[in-house]
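Report on one structure; see the data block that follows.
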Amino acid sequence: MTVAVVHSQTDEGRQALAAGIREAQTRNTELVVLHALSGSSEQSARDREIAAVDAAVRAVAPDARVEAALPDPDATSTLLALVDKVDAELVVIGSRHRSAVGKFLMGQQVQRLLLEIPVEILVVKSRQ
């Protein structure tokens with residue numbers, strides 16, 4: 001079993017990664033960072049994106065494993081598939097304060113993750 005962190009290069013993503021590191025240490029289990037690629041059709045662009053994610057994660061969690069995949073058909077579906085693939089016991093997701101419009105536009109993706117992930121979920125709010 002693993003602790004999985006939904007990755008993003010944002011303050012809330014960094015807060016989620018920090019919480020995921022703590023949870024993996026507390027549970028004495030593997031940390032896996034999940035990343036839905038941007039969807040570029042160029043292999044070199046995907047390779048650069050994976051390398052950047054890997055470097056950012058290794059800087060704070062050298063033993064973490066990074067799992068990345070192309071959106072199929074969308075980033076939320078990809079993340080759900082990755083959660084299943086890594087056999088996660090806990091999924092950590094970062095969140096931030098949003099305006100009413102932001103909640104409407106972005107809330108659907110987070111809501112879908114919250115409803116469809118079949119294991120425990122820890123939502124970490126950014127400090128901003």
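The values are calculated or read from the model by the stated rules, or taken from the named source; none is laboratory data. Given the structure is predicted, the values throughout are model-derived calculations rather than measurements. With ideal geometry, Cβ positions are generated from the backbone for all residues, glycine too; neighbour counts draw on all protein chains shown. Each accessible area value is taken on the protein alone, full model and side chains, heavy atoms only, with ligands, DNA and RNA left out. Shrake-Rupley method; radii C 1.70, N 1.55, O 1.52, S 1.80 Å.
Summary of values
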{"item": "The chain, accessible area per residue, ligands and nucleic acids excluded (1.4 Å, Å²)", "result": "57"}
{"item": "Alpha-carbon Rg with Dmax, taken over the stretch 15-58, Å", "result": "13.1, 39"}
{"item": "Helix runs (DSSP H) in the chain reaching 27 Å along axis by Cα, Kyte-Doolittle at least -0.5", "result": "none"}
{"item": "Radius of gyration and Dmax over the Cα atoms of the chain, both given in Å", "result": "14.0, 40"}
{"item": "Sum of -39500 (n - 2.57) over DSSP H runs of 4+, divided by residues of the chain (222 nm, nearest 500)", "result": "-16500 deg cm²/dmol"}
{"item": "The chain: antiparallel DSSP beta bridges as a percent of all, rounded to 5", "result": "0"}
{"item": "Built amide H within the under 5 Å cut-off of VAL124, gap 5+", "result": "ILE93, GLY94, SER95"}
{"item": "Accessible surface of the chain, 1.4 Å probe, proportion on carbon and sulfur as whole %", "result": "52"}
{"item": "Calculated FRET value between SER8 and SER44, using beta carbons and R₀ = 22 Å, to 0.05", "result": "0.50"}
